[in-house]
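So the structure is just underneath, and the comments pick up after that.
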Amino acid sequence: MTLSPDFDVIVVGGGHAGTEAALAAARMGARTLLVTQSIETLGQMSCNPSIGGIGKGHLVKEIDALGGAMAQAADEAGIQFRILNSSKGPAVRATRAQADRTLYRQAIRVRLEGQPNLWLFQQAVEDLRVEGDAVRGIVTQIGLTFTARAVVLTTGTFLAGLIHVGQSHYAAGRAGDPPASALAARLRELALPAGRLKTGTPPRLDGRSLDYRVMERQPGDDPVPVFSFLGHPSQHPAQLPCWATRTSEATHDIIRGGLSRSPLYTGVIEGVGPRYCPSIEDKVVRFSAKDSHPIFVEPEGLGTHEVYPNGISTSLPYDVQLALVHSIPGFERAHITRPGYAIEYDYFDPRGLRRSLETRALAGLFFAGQINGTTGYEEAAAQGLLAGINAALQAQGREPWCPRREEAYLGVMVDDLVTRGVTEPYRMFTSRAEYRLRLREDNADLRLTEIGRQLGLVGDERWARFEAKREAIAREIGRLKSTWIHPQTVPPEAAQALVGRALEREYALYDLLRRPEVTIRQLAATVDREGGQVPPEVAEQVEIQAKYQGYIERQEAEVERLRAQEDLRLPDDLDYAALTGLSTEVRQKLARHRPETLGQAARISGVTPAALSVLLVHLRRAAAGRTPPAPRQGLAS
Amino acid sequence: MANADTIAATATAPGRGGIGVLRVSGPRVPAIAEAMLGACPRPRHATLGDFRDADDRLIDQGLALYFPAPHSYTGEDVLELQGHGGVAVQRLLLARALALGARLAEPGEFTKRAFLAGKLDLAQAEAVADLIDAASAQAARSAARSLEGEFSRRVDALVAGLVEARMYLEATLDFPEEELEGHAASRTRADVAALLGQVRDVERAASAGRLLREGLRVVLAGQPNVGKSSLLNRLAGDEVAIVTALPGTTRDPIRETLSLEGIPLHVTDTAGLRETTDAVERIGVEKAWGALAKADVVLLVLDAREGRRVADRAVLARVPAGVPVVEVHNKIDLGCEAARVPGEEGASAVFVSALTGEGMDDLKRAVLALAGRVPSTEGAFMARERHVRALARARTHLEGAGEPGLGPELVAEELRLAQEALNTITGAFGADDLLGEIFSRFCIGK
């Protein structure tokens, strides 16, 4: 049974990727249908109850700058906020919020229901409707067919999901939800290159059964940070502390005693887990010299006593879980409300994607989130946003869009995924970004809001406030650059306070600000009579730009140098096997990765500068076709 | 794709005699020509000119040819300076062009540019592709050869130290809440200082700079009357030492500065190294031992009829480890046809006659080659230049990282750039590799 009308975009899945995808497509004017197994779990945080962190907070701010929901939902649901790395430079500072799961779901659902052009529908999706090599719609559990110009799959851990607790395992999408097995089988038939990954969660505990007196209290920051450009601390609900405790020698003995029944160490689990988010049994085995590992007790929400003991993710049998929990200071009488588990799921090799997140195999089919081998709410949401944008663009007959590596962490992530693929669940770290000094939380709006506005993602209110901020920054920089101070007019004590000695020549205030030891506040307090009048976020931005200017200029020169290479597209049908002058290894790598541009080819390991030159020569020959060559002149070689 | 940058390379085999050609291509050519020649030469004419350095001192004289775009091999502005070809001169010319804004050309890059400018037949594309492949493979082999042994080990140690420093620093940036062992947060400053010392050492070892500035200290050693002084005279081309047939006539170590391929050689002719009771002669002998301790190259002069003697071994025992030794078998004109056996214990051997000049070219070549600083092919010359430049870039960034008051993310940026510079020597080491190091060293993750 085919239901009309035709949609522009169908999004399958209602997690962080799916909801951002649907919201973005609908905001751009595409008629969008979001199909989910359960409307109740839209925006569900399946793992730890927190949003952001180093690298991840950067992604959240970028999603926000492009009009996405995650930052605003975190502001409405956040019960503790912190700026990590606050003592280090602005490029590596990042916001993190502990979130109330229920409030977060509500904040997302309110946005979905209030979004024009977006319809919600509850049904499991079992099949894709394919015509030729293009996707045309979906088929649900009870045989309903919905048609669309583009389909975004955000299946999370639901594709052939398999939950392990000790030696027992069962099919599930996450604890309490059925898997998407039929869809997984159907996708496997499409012969997309697939693999298995694994992730896990700790057992959840009843907070009333914990002894907080032996734990360390970890409060949030004061003043309380906000996530969204449009956010305000007054949106935050009541704030709660987190707590810290540690595993003991006894814990480690219990874990070692249970390894013979661990699905991880008996070979039952085939999927690859992340090295940076190991289970507690992994930590004990791999870092056997450490006699204790930290545990952070995170509140699940304001309306529940349940807590999330971050640091003891495990798939050991339940009796071992119980014993190890009871061996931890403060957890001696803890009641486990939900056992910890590991879950294995299907993902598809992201090298099969274009940078728009459209699959190469089927036109109009987009993937976002864990299906691409990533982990994390923020990584999923950012991809969902991009897939939603590109699905809408395609439905509207417009060119695809993806930020470059120097424009956004989103660009770094997508380029990493489609160029290099994954060997473990992919998580964002700032060290992945070579242009880290440009890609900051504090300038996410300046980097992306304008393109977001052009794409139709950014509403009038955000745009107006953004333009006002951008103009204020430009004005303030202009004022500081054109305001000069003279040695004669600056009192020696002011100069001493500012730069530690008397001034020997004239300075523009902006040049003084570029010195590491000078702040905009000091300028206002000493020599800048008109200073101190701009809003703090403007002053902050001016100061950061001044401090980083030399480094940013150097990076810009680098970006410029590589631009031609980044822009040169490689034809989809290029026959690498037929190219001479390339080693067999390089030919095979290029054929496997099928880079979209010469710049991507350069980032494939083993592809040398010489190989790029050879590629360039072949490209030029292909492009020139039969044009007669210019006569040879000048010197001989 | 228009090339915004200007490339330069030495185009003919540097080394003994012949003509060395510096070739420059790209938009900066007119400016470079004007700076080095005083004026841009008339297009497409061979012009005799002076090639000058930044202080307007003469580097070399020769022919300058200027081909304005598009009528050139690469289709860009091209400058060729054909000089006298000595290694030192070639280096100075190339360094000057690089200082004026050119960068070192990649292997095969001139040909690649020619092709991309449509100067070569399309049918030649495959030939061009193969040429680039072959040229880069040859450059890699040359680089490997020129970097064998001690130098290569030191570069590897430098890179390992850099990776370690970055691993600790990046871990503190990306995982501020983790418990990182090894004083991760406080060690960076000391790491950077150590790396800076290391890179300066490697750079000194690799650089032609010291060679150009200070020259090579060559010590003539050997038993009395084997012909050391005659050899020095032959090398110098005029009489500087008192030469007699009586043992012990050279009382003082005599220093003579010669120029070989443009490289200054400070040759010290030692008194015969032997036990003596003569007070004056003993002073000379002691000075000789002192010179030996500071040598870059030792020429152990032997009488070809006798070969190595016991006393020679005593001399060799006092040559500092790592200083190359050439056995110079002199007096081959005296009709001896002794077997020309290779030198002992890794020393190379040459057979000469200071009297007739026979074999002297072999000796000069051996001295330059053994100094380890004079690769004999164009590929090796360019390969070494690239490595020296890469080390200098790495050093600049390490110096930046050592600036006081710099935030950790800025130190990390400088270290990343230092690593990128060294990647051109050792191959790529990317973010994934670094994360791998972090995850294998630290227990990361909640």
Net charge, A:ASN443 excluded, C-beta distance under 13 Å - Lys, Arg +1, Asp, Glu -1: -2
The set of residues whose placed amide H lies less than 5 Å from the amide H of A:ILE79, leaving out same-chain residues fewer than 5 positions away, is A:GLN98, A:ALA99, A:ASP100
Under 29 Å from the Cα of B:LYS112, which lysines turn up, not counting those fewer than eight places away in the same chain? A:LYS589
Distance in Å, no decimals, from the C-alpha centre of the stretch A:212-239 to the one of the stretch A:45-72 is 15 Å
According to the square roots a ≥ b ≥ c of the eigenvalues of the Cα gyration tensor, what is the shape class of the stretch B:7-108, taking rounded for a/c under 1.5, prolate for a/b larger than b/c otherwise, and oblate for the remainder? rounded
In nm, to one decimal, how far is the A:ARG217 label point from the A:GLU558 one, both placed 7 Å along Cα→Cβ? 4.5 nm
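How much mean residue ellipticity at 222 nm does chain A get from its helices, if each DSSP H run of length 4 or more adds -39500 (n - 2.57) and you divide by all residues, to the nearest 500 deg cm²/dmol? Show your work: numbers first, answer last.
Working: 19 runs with 227 residues, N = 637.
The helix contribution divided over chain A gives -11000 deg cm²/dmol.
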Counting other C-beta atoms within 10 Å, and keeping those with at most 10, which DSSP coil trypsin sites (Lys or Arg not before Pro) do you find in the stretch A:517-576? A:ARG529
For A:GLN167 and A:ARG338, extending 7 Å from Cα along the Cα-Cβ vector and measuring point to point gives, in nm, a value of 2.7 nm
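Just flag the GluC sites (Glu not before Pro) in the stretch A:234-343 sitting in loop per DSSP whose Cβ has no more than 14 other Cβ atoms within 10 Å.
Values: sites: A:GLU249, A:GLU270, A:GLU281, A:GLU300, A:GLU306, A:GLU332; in loops: A:GLU270, A:GLU300, A:GLU332.
For GluC sites (Glu not before Pro) across the stretch A:234-343 that sit outside H, G, I, E and B with at most 14 neighbouring Cβ atoms in 10 Å, the list reads A:GLU270, A:GLU332.
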Where B meets A: accessible area buried, both sides, 1.4 Å probe, Å²: 5400 Å²
For the stretch A:511-520, just list the computed ³J(HN,Hα) in residue order, Karplus coefficients 6.51, -1.76 and 1.60, θ = phi - 60°, integers in Hz, with x standing in for Gly and Pro. 5, 5, 5, 6, 5, x, 8, 9, 10, 5
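So, with a 1.4 angstrom probe, what is the percent of accessible area on the stretch B:7-108 that is carbon and sulfur? Present the calculation step by step, with values, prior to reporting the outcome.
On the way: 2170 of 4040 Å².
Ligands and nucleic acids excluded, carbon and sulfur give 54 percent.
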What does the charge count around A:GLN72 come to, taking other residues whose C-beta lies under 9 Å from its C-beta (Lys +1, Arg +1, Asp -1, Glu -1)? -2
Here the relative contact order (percent) of the stretch B:7-108, from C-alpha pairs under 8 Å and at least 6 apart, is 35 percent
Carbon + sulfur, % of accessible area of the stretch A:1-130 - ligands and nucleic acids excluded, 1.4 Å: 47 percent
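For chain A, which DSSP H helices look membrane-span-like by this rule: Cα extent along the axis of 20 Å or more and mean Kyte-Doolittle of at least 0.0?
Numbers: long enough: A:377-395 (26 Å, 0.47); A:460-482 (33 Å, -1.18); A:536-567 (40 Å, -1.20); A:609-624 (22 Å, 1.12).
Span-like helices, by this rule, are A:377-395, A:609-624.
Classify the stretch A:175-314 as rounded, prolate or oblate from the Cα gyration tensor: take a ≥ b ≥ c as the square roots of its eigenvalues, call it rounded if a/c is under 1.5, otherwise prolate when a/b beats b/c and oblate if not. Kindly include the intermediate steps, with their values, before the conclusion.
On the way: a/c = 2.24, a/b = 1.22, b/c = 1.83.
Oblate, because a/c is 1.5 or more while a/b does not exceed b/c.
To the nearest 0.05, what FRET efficiency results for A:ALA238 and A:LYS290 with a Förster distance of 35 Å applied to their C-beta separation? Please list the in-between numbers first.
On the way: r = 36 Å, r/R0 = 1.03.
Efficiency for this residue pair is about 0.45.
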Put a dot 7 Å past each Cα toward the Cβ at B:ARG187 and B:ASP50; how far apart are the dots in nm? 5.6 nm
Post the alpha-carbon centroid distance, the stretch A:114-177 to the stretch A:251-278, in whole angstrom. 30 Å
In square angstrom, what is the accessible area per residue of the stretch A:101-236 with a 1.4 angstrom probe? 46 Å²
Amide proton proximity set for A:VAL130, modelled H, under 5 Å, gap of 5+: A:ARG136
Taking a 1.4 Å probe, which of A:SER613, A:SER482 shows the most accessible area, and what order do the others take after it? A:SER482, A:SER613
Determine the per residue accessible area of the stretch A:1-83 with all protein chains present and a 1.4 angstrom probe, expressed in square angstrom. 20 Å²
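Protein chains only, probe 1.4 Å: how do A:HIS16, A:HIS169 rank by accessible area, largest first?
On the way: A:HIS16 20, A:HIS169 95 Å².
Largest accessible area first, the residues go A:HIS169, A:HIS16.
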Taking a cut-off of 26 Å between Cα atoms, list the lysines near A:LYS481, but don't count ones fewer than 8 places away on the same chain. A:LYS469, A:LYS547
For B:LYS287, go through the lysines and keep the ones whose alpha-carbon is under 29 Å away, minus same-chain ones fewer than eight residues off. B:LYS228, B:LYS331, B:LYS364
Part-to-part distance (alpha-carbon centres) for the stretch A:567-595 and the stretch B:157-178, which is given in Å: 34 Å
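With the Cα gyration tensor of chain A giving a ≥ b ≥ c as the square roots of its eigenvalues, does the rule (a/c under 1.5 for rounded; else a/b larger than b/c for prolate; else oblate) give rounded, prolate or oblate? Each step should come with its number before you reach the end.
On the way: a/c = 1.55, a/b = 1.09, b/c = 1.43.
Oblate, because a/c is 1.5 or more while a/b does not exceed b/c.
How charged is the neighbourhood of A:ASP8? Take every other residue with its Cβ under 11 Å from the Cβ of A:ASP8, and add Lys/Arg as +1 and Asp/Glu as -1. Walk me through the numbers on the way to the answer.
On the way: positive: A:ARG31, A:ARG149; negative: A:ASP6.
Combined, the nearby Lys, Arg, Asp and Glu give +1.
The values are calculated or read from the model by the stated rules, or taken from the named source; none is laboratory data. From a predicted model like this one, the values you see are computed outputs, not experimental measurements. Cβ: placed from backbone, ideal geometry, glycine included. Neighbour counts: every protein chain shown. Please note that ligands, DNA and RNA were not included when accessible areas were found on the heavy atoms of the full protein model with its side chains. Shrake-Rupley method; radii C 1.70, N 1.55, O 1.52, S 1.80 Å.
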